[in-house]
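Nothing in this text is a laboratory measurement; each read-out follows from the coordinates by a stated rule. Keep in mind that what you see is a predicted model, and the values were worked out from it rather than measured. Reconstructed Cβ throughout: ideal geometry from the backbone, glycine too, with neighbour counts over all protein chains shown.
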Amino acid sequence: MRGNTSFESAFKDARIRVNERESAMGFEPSEPQMVIGSLMETALPAFEQVLFDKARPSVASLTNNTASTTVNALPETTANLSVGEVDAAAE
C-alpha cells in the first residue's frame with residue numbers, strides 16, 4: 001500500500017487484502033467501504049500531490065534499534081537552520 005499515490009488506490013489494495021485474509025481465515029466478508037465528504041473530495045487531490053511527492057524530502061524520520069529510539073522532526077539538511085531558514089528551505 002505504501003507504493004500507492006492516492007488514498008483511493010490504497011483503499012482498493014487494502015480491500016483486496018482484507019477480503020483475501022477474511023476468506024483464508026473463514027470469516028464472513030466485511031465488505032470494506034470508503035466514504036469521502038464533499039469538502040475532502042475537493043481537497044484530497046492537492047493533499048495527495050503534496051503527500052506522495054517523491055522529490056520532496058521527508059518531514060520526519062525514525063531510527064529504532066535495541067538500545068534507543070531516535071526521532072528527527074526535520075530532514076538532516078535543515079537540522080541546524082533557524083526557523084526562518086527552515087521556512088525558506090521548505091519553499
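Ranked highest first by average number of other Cβ atoms within 10 Å, how do 36-47, 3-14 line up? Write out the running numbers ahead of the final one.
On the way: 36-47: 10.4, 3-14: 14.0.
Highest mean packing first, the order is 3-14, 36-47.
Determine the sum of side-chain charges near Ala14: Lys and Arg each +1, Asp and Glu each -1, restricted to other residues whose C-beta is under 11 angstrom from that of Ala14. List each step's numbers first, then the result.
Details: positive: Lys12, Arg15, Arg17, Arg21; negative: Glu8, Asp13, Glu20.
My count for the surroundings of Ala14 gives +1.
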